[in-house]
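Before any comments, here is the structure.
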Amino acid sequence: MLHAKDHQKRSTTVIDKQVQYGVIRKVALHWVLFMICNTFALFMWVSLFEQPGTGWRETMVECVRRFLPFFVVSIALVPAFVLDTLKLTNRFAGPISRLKTEIANAAAGRPVEPLKFRTGDFWGEIAESFNTMAARVGLNADSSSQKSGN
C-alpha cells in the first residue's frame, strides 16, 4: 500500500551533515586525484610519444592548449556531481535519521510512530522490521493510546 508520504519530495537535501559531507569530501578527493593523474598521464604521453625532446615548459603549454576544454568541462560538472551525490546519500541518510528519531522516542519511553520511508529510499526492510518489533513490544503510538484508554 502506498502512503501519501511515498510521493513527497524531500524539502531538505542535507539530512545528516557528518555522513553526507563526508561522502562529498571523499568524492571530491577522488575527483581531484583523478584530475591530477589524468594531467600527469597526458603530460607524459605528449612528452614521451608526441613531442620527445621538447622542453618541459613547451610540453606543458601544449598540454594546456590541447586539453583545456576537457579540464573546464570537468570542473564545470563538479556542482552537478555534488548535488547528485547529496540526493543519493539522502536516500539512506533520511531513513536512518527517521529510525534514530523513533529509537530515541522508544528509549525515552515515548510512543513511536510507524516508520514509512519514501519510494526509492534504501532499507525499506528496516522500516518493516522496526514496525514489527515496535508492534510486538507495544511501543507504537496507537497501541499506547489504547493502553491508556483502558
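The values are calculated or read from the model by the stated rules, or taken from the named source; none is laboratory data. It should be emphasised that the depicted structure is a prediction, and the values quoted were computed from it without experimental measurement. Cβ atoms come from the backbone with ideal geometry, glycine included; neighbour counts cover every protein chain shown.
Being modelled with pLDDT under 95 and either under 15 Å from the mean Cα position of the chain (by Cα) or in the same structural domain as A141 (by TED's automatic domain parsing) (or both) is true for just one of V46, V78. Which residue is that? Steps first, answer last, please.
Working: V46 fails: either under 15 Å from the mean Cα position of the chain (by Cα) or in the same structural domain as A141 (by TED's automatic domain parsing) (or both).
After ruling out the rest, the residue left standing is V78.
Which one of F49, F67, F43 is touching a residue at least 24 places away in the same chain (Cβ under 8 Å) and of a type in the set (A, V, I, L, M, F, W, C)? Lay out the reasoning, then the answer.
Numbers: F49 fails: touching a residue at least 24 places away in the same chain (Cβ under 8 Å); F43 fails: touching a residue at least 24 places away in the same chain (Cβ under 8 Å).
When all the criteria are applied, what remains is F67.
Taking the criterion of being modelled with pLDDT under 95 and among the hydroxyl-bearing types (S, T, Y), the residues of the range 3-26 that qualify are S11, T12, T13.
Here's the yes/no breakdown for (1) outside the structural domain of D142 (by TED's automatic domain parsing); (2) surrounded by 11 or more Cβ atoms within 10 Å (Cβ to Cβ):
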residue	(1), (2)
V19	yes, yes
G55	yes, no
L88	no, yes
P95	no, yes
A108	no, no
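Against the test of being under 30 Å from C37 (Cβ atoms) and not hydrophobic (A, V, I, L, M, F, W, C), the options R110, R98, R65 yield a single qualifying residue, R65.
Of the residues that make up the range 118-125, is at least one in a loop (DSSP other than H, G, I, E, B), hydroxyl-bearing (S, T, Y) and at pLDDT below 95? For the range 118-125, residues in a loop (DSSP other than H, G, I, E, B), hydroxyl-bearing (S, T, Y) and at pLDDT below 95: present.
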